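The values are calculated or read from the model by the stated rules, or taken from the named source; none is laboratory data. Everything numeric here is computed off the predicted structure, so don't read it as measured data. Because the Cβ atoms are built from the backbone with ideal geometry, glycine has one as well, and the counts that use them run over all protein chains shown. Note: areas computed on protein heavy atoms with side chains; ligands, DNA, RNA excluded. Shrake-Rupley method; radii C 1.70, N 1.55, O 1.52, S 1.80 Å.
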Amino acid sequence: MFDLEEVIRERHSTRMFLPDRPVPRSLVDEALALAVRAPSNSNLQPWQMVFASGAVRDRLVTALLHEARSRPPKIPPLPHAFAHLRRELGAQVYGSMGIAREDTEARREAVLRNWEFFRAPLAGIVCMHRDLGSVDCLGVGMFLQTLLLALTARGLGTCVQVSIAGYPEIVHAQLAIPTELSILCGLAVGYPDPSFPANDLRISRRAIDENVVFHDA
Ligand SMILES: Cc1cc2nc3c(=O)[nH]c(=O)nc-3n(C[C@H](O)[C@H](O)[C@H](O)COP(=O)(O)O)c2cc1C
């Protein structure tokens, strides 16, 4: 356990887990009990989560990897003005994995690990009813960040993954998720692999005044 500020600083994306160290269900239950305290528009509590472990998770990974090897994910491209940020992130993430920019095969293998949930033994799917809108996505996001912090405080690593939403029909079919639920993202949960150097990466942030404006009288 940490105090709140420590947990916020400690949380970061883990991109390699210990596949054979299971996640105790009691820790996930505790974290979920905290996460549902998140605020939401009209208290809709718009988050819907599905978790898979064991053979169900393995079947999902097999199906996702098969698909990812055959066709690109359906993820909307970033607007031009933001595209450089993904390139900058890629340089930090793949650089920390020791993968050179021109090494397309190593990069492809690293990207494919997304659909293995980075080998995490617990695979989460974050969903929301398809008729809800962007204001309700805020509620799901608040739930999700609280969940990440509560899991971090319990010694677990996490990675939120839009990549999982790139093959929604596979996720729907493998986990029998009702069609009225949209797949927003995946969530890998497990114990970080301490021998994977990229797990120590701390992604930089812009200066606050680039994103926040104060108008003072
Ligand atoms: C909605 C969302 C989707 C994300 N999708 C992916 C993903 O598909 N693959 C991945 O490796 N990281 C993904 N991330 C992690 C981000 O790259 C990461 O949060 C960001 O670079 C900041 O790094 P940090 O989480 O280590 O602080 C995602 C994060 C969020 C919030």
**Prompt:** Measuring from label point to label point, each 7 Å out along Cα→Cβ, what is the Ala33 to Leu112 span in nm?
**Reply:** 4.2
**Message:** Counting only protein heavy atoms and a 1.4 Å probe, tell me what percentage of region 129-217's accessible area is made up of carbon and sulfur.
**Reply:** 59
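Is it possible to state the helix-based mean residue ellipticity at 222 nm for the chain, with each DSSP H run of 4+ residues giving -39500 (n - 2.57), the sum divided by total residues, to the nearest 500 deg cm²/dmol? What is it?
For the chain, the value works out to -13000 deg cm²/dmol.
Rounded if a/c is under 1.5, else prolate if a/b is larger than b/c, else oblate: which is the chain, with a ≥ b ≥ c the root eigenvalues of its Cα gyration tensor?
Working: a/c = 1.21, a/b = 1.05, b/c = 1.15.
Because its axes are fairly even, with a/c under 1.5, the chain counts as rounded.
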**Request:** Specify the inter-centroid distance of region 73-109 and region 155-217, based on alpha-carbon positions, in whole Å.
**Result:** 15
**Request:** On the full set of protein chains, 1.4 Å probe, figure out the accessible area of Cys159 and give it in Å² to the nearest 10.
**Result:** 10
**Prompt:** Once you list every other residue whose beta carbon is under 12 Å from the beta carbon of Met128, what net charge do they have if Lys and Arg are +1 and Asp and Glu are -1?
**Reply:** -2
**Message:** Just want to confirm a number: the relative contact order over the chain, from Cα pairs under 8 angstrom separated by 6+ residues, in percent.
**Reply:** 39
**Request:** Provide the net charge surrounding Leu18, with neighbours chosen by a C-beta distance below 10 Å and charges set as Lys +1, Arg +1, Asp -1, Glu -1.
**Result:** 0
**Request:** Sticking with the crude label model, points 7 Å out along Cα→Cβ, report the distance from Ala217 to Cys137 in nm, one decimal please.
**Result:** 3.7
**Request:** Using a 10 angstrom cutoff on alpha carbons, build the Gaussian network for the chain and name the most mobile of Leu147, Leu181, Leu156.
**Result:** Leu181
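Given a 1.4 Å probe, how much area per residue of the chain is accessible, in Å²?
Per residue, the chain has an accessible area of 58 Å².
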**Message:** Under a crude label model (7 Å from the Cα following the beta-carbon direction), how far is Leu89 from Asp3 in nanometres?
**Reply:** 3.1
**Request:** Run through every distinct alpha carbon pair of region 84-151 and return the Kirkwood hydrodynamic radius in angstroms, one decimal place.
**Result:** 14.8
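Top to bottom by accessible area (1.4 Å), largest first, where do His129, His80, His66 land?
The ranking, largest first, comes out as His80, His66, His129.
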**Prompt:** Given a 1.4 Å probe and the protein chains all in place, what does the accessible area of Met142 round to, in Å² to the nearest 10?
**Reply:** 90
**Message:** Let me check against my output: what whole-number percent is the relative contact order of region 152-217, with C-alpha pairs under 8 Å and at least 6 apart?
**Reply:** 35
**Request:** Can you give me the span-like helices of the chain, meaning DSSP H runs with 18 Å or more of Cα extent along the axis and Kyte-Doolittle mean at or above 0.5?
**Result:** 134-153
**Complete:** Once all protein chains are kept in place, Glu210 shows an accessible area at probe 1.4 Å, nearest 10 Å², of 120
**Request:** Answer rounded, prolate or oblate for region 1-85, using the Cα gyration tensor with square roots of eigenvalues a ≥ b ≥ c: rounded when a/c is under 1.5, else prolate when a/b is larger than b/c, else oblate.
**Result:** oblate
**Request:** Pop out the ³J(HN,Hα) list for region 198-213 in order, Karplus 6.51 cos²θ - 1.76 cosθ + 1.60 with θ = phi - 60°, rounded to Hz; leave Gly and Pro as x.
**Result:** 5, 5, 8, 5, 10, 5, 6, 10, 5, 4, 4, 6, 7, 10, 10, 10
**Request:** Can you sort Ile183, Ile125 by 1.4 Å-probe accessible area, starting with the largest?
**Result:** Ile183, Ile125
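In the neighborhood of Leu60, defined by Cβ-to-Cβ distances under 12 Å, what is the net charge if each Lys or Arg adds +1 and each Asp or Glu adds -1?
Net charge around Leu60: -1.
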